[in-house]
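Report on the structure given below.
Rule-based calculations on the coordinates, nothing more; no lab input. Note that this is a predicted model, so its numbers are computed, not measured. Cβ coordinates were reconstructed from backbone atoms using ideal geometry, including for glycine residues, and neighbour counts include every protein chain displayed.
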């Protein structure tokens, strides 16, 4: 339960409580009632209800039919603003990598329990096209690009073994989970200290012998993007 006793004087208490509410709502896809929120942040239910109503008015929270509140679309809009900055920084880096290793380079951003393709650059000289469409969505725990993001976060019960493997070696590798016959390599990108994105390369599975070398490229890209967005 949150405590207000030792809050620094320069902190805006109401805003701080609102952010606590958002963090709590984000911890469950099923949402919480105003009473549960009040208990979590240590305030009267009426205060929690006003905070939730304010967040809902700004679309940062959504009230479900049963009265429970979940994260709203407004928060995802803010996340997309962050991703646009990330894309602008990543584009020249990925374009350079694509030309050097002749592989499709991709950038993905987590959005709740999904992952979204925000950048995909294919080598113009290659005789293959992966065709990862910008805006495409998929489960966060599917394929290298999502697994890499999860690997950059604390371990969770029931996570795929591939997540633990990626966490240990610093990058994820999967074959055929999105496009049959293709291998993806991705590493987590940290924005503000949180693993919210991943950068990677996609190659024909026949180039599997190159995975160790290309993994080094992916890790370097992830590190550079993390520093630029730290």
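Among 44, 145, 108, the largest mean-square fluctuation in a Gaussian network model of the chain, built with springs joining Cα atoms closer than 10 Å, belongs to 44.
Looking at the square roots a ≥ b ≥ c of the eigenvalues of the Cα gyration tensor of the stretch 153-230, which shape do they give, rounded for a/c under 1.5, prolate if a/b is larger than b/c, or oblate?
Oblate.
Each residue, residue 209 and residue 95, gets one label point 7 Å from its Cα in the Cβ direction; the gap between the two is 3.3 nm.
Of 215, 197, 56, the residue with the greatest mean-square motion in the GNM of the chain, using alpha carbon springs below 10 Å, is 56.
Counting neighbouring beta carbons within 10 Å and listing from fewest to most, the residues 98, 54 come out as 54, 98.
For a paramagnetic label modelled on residue 14 (point 7 Å from Cα along Cα→Cβ), amide N atoms under 19 Å away belong, within the stretch 36-68, to 38, 41-61. Model label sites at residue 136 and residue 23, defined 7 Å from Cα along the beta-carbon direction, differ in position by 3.6 nm. Note on the chain: helix-only mean residue ellipticity at 222 nm, from DSSP H runs of 4+ residues weighted -39500 (n - 2.57) and normalised by residue number, equals -14000 deg cm²/dmol. Across all Cα atoms of the stretch 16-74, the radius of gyration (one decimal) and Dmax (whole number) stand at 9.7, 27 Å.
Its residue count N fixes a reference of 2.2 N^0.38 Å for the stretch 76-228, and the Cα radius of gyration divided by that reference is 0.93.
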